[in-house]
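Take a look at this one; I'll ask things after.
The values are calculated or read from the model by the stated rules, or taken from the named source; none is laboratory data. Worth saying up front: this structure is predicted, and the values here are computed from it rather than measured. Positions of Cβ are backbone-derived with ideal geometry, glycine not excepted, and every protein chain shown enters the neighbour counts.
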Amino acid sequence: MAFKTPGQIIIAPATGSNTGNTSNTNTSGPTGPKPTFQPRPRPFPPRGDRNFNRDDKDDVRLNERIRVPNVRLIDENGAQVGIVPTQQALQMARERNLDLMEVAAGANPPVCKICDFGKFKYEKKKKEAQARKNQVVVKVKEVQLRPNTEEHDLAYKIKNSQEFLEEGDKVKFTVQFRGREIAHTEPGFKMCQHILEELKEIAIVELGPKLEGKKLMMIVGPNPQAKKKA
């Protein structure tokens, strides 16, 4: 029997044998039971078969990560052993309490070496640190000018530029024009020529005076011949 609510909505009782039983839910699809989830196969070897002692930052393969059947082996003294099965090379490294490291993956078969990988990493970092220490870093110092810069200020900035050049740095001179000053760039070019004349003994011109937009730029670098004379 149906009942009418004040909002004129008809409510009819449920029919069928499952009336009053809300615990039974139908999980079947339109054509049959709902399929169960099937995980995809893992694209890499099982966890126990991988070498997790390897640092992710290293770009070399070590020990069990070398999966080719044969390798061209070099022993810990640098002697050529020849082509041997990979398992035999691993066993030789274990007997010496060392590692088997791949040094040429593109060769056929790959070239591997028996070594102490920890010592190898230490010596590599030491060489890189020494190379960074010997690397000469050249900085570019910028000196900003105006076309109406007074002679006293200009002389002071030229003196600072000399110190930069003596320290091995480059110097970039920038003459900034404002408003209608861009219509008369001759004072800026004249100023650049004066600077070059003052620095000719210790500087070489890397970029001559060049107008870009409302800026006149010039770059000079230290003269290596001047260092030899000193």
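Contact list please: Cβ distance under 6 Å, first residue in segment 161-188 and β-branched (Val, Ile, Thr), second residue surrounded by fewer than 16 Cβ atoms within 10 Å (Cβ to Cβ), pairs at least six apart or on different chains.
Partner pairs satisfying both residue conditions: Val171/Lys141; Thr174/Gln144; Thr174/Lys215; Ile182/Lys214.
Quickly run through segment 202-224 and pick out the residues that are in contact with a helix residue (DSSP H, G or I) (Cβ under 6 Å, 6 or more places away or on another chain) and either assigned to a loop (DSSP other than H, G, I, E, B) or at pLDDT below 90 (or both).
Ile202, Lys214
Right, here's the next one. Quick check, is Met101 assigned by TED's automatic domain parsing to the domain that holds Asn70 and either touching a Lys or Arg at 6+ places or on another chain (Cβ under 6 Å) or among the basic types (Lys, Arg) (or both)? Lay out the reasoning, then the answer.
Numbers: assigned by TED's automatic domain parsing to the domain that holds Asn70: yes; either touching a Lys or Arg at 6+ places or on another chain (Cβ under 6 Å) or among the basic types (Lys, Arg) (or both): yes.
Here the answer is yes, as Met101 does meet what is asked.
Scan segment 130-153 for residues that are assigned to a helix (DSSP H, G or I) and closer than 22 Å to Ala203 by Cα and jot them down. Working first, answer last.
Restricting attention to segment 130-153, the residues satisfying the condition of being assigned to a helix (DSSP H, G or I) are 130-134, 151-153.
Within segment 130-153, Glu151, His152, Asp153 qualify.
Suppose the filter is surrounded by fewer than 17 Cβ atoms within 10 Å (Cβ to Cβ), charged (D, E, K, R) and either assigned to a strand (DSSP E or B) or touching a Gly at 6+ places or on another chain (Cβ under 8 Å) (or both); does Lys127 pass it?
Numbers: surrounded by fewer than 17 Cβ atoms within 10 Å (Cβ to Cβ): yes; charged (D, E, K, R): yes; either assigned to a strand (DSSP E or B) or touching a Gly at 6+ places or on another chain (Cβ under 8 Å) (or both): no.
No, not satisfied.
Do we have Leu90 as crowded, with 17+ Cβ neighbours inside 10 Å, assigned to a helix (DSSP H, G or I) and in the same structural domain as Val175 (by TED's automatic domain parsing) here?
Values: crowded, with 17+ Cβ neighbours inside 10 Å: yes; assigned to a helix (DSSP H, G or I): yes; in the same structural domain as Val175 (by TED's automatic domain parsing): no.
So Leu90 does not fit the description; no.
Take the residues in segment 154-190 that are among the aliphatic types (A, V, I, L, M) and assigned to a helix (DSSP H, G or I), then tell me which one is nearest to Glu212 (Cα to Cα). Write out each step before concluding.
Applying the first criterion (among the aliphatic types (A, V, I, L, M)) to segment 154-190 yields 154-155, 158, 165, 171, 175, 182-183.
After this cut, where a residue has to be assigned to a helix (DSSP H, G or I) as well, the list is 154-155, 158, 165, 182-183.
Values: Leu154: 22, Ala155: 25, Ile158: 22, Leu165: 24, Ile182: 11, Ala183: 13 Å.
Only one residue tops the list, namely Ile182.
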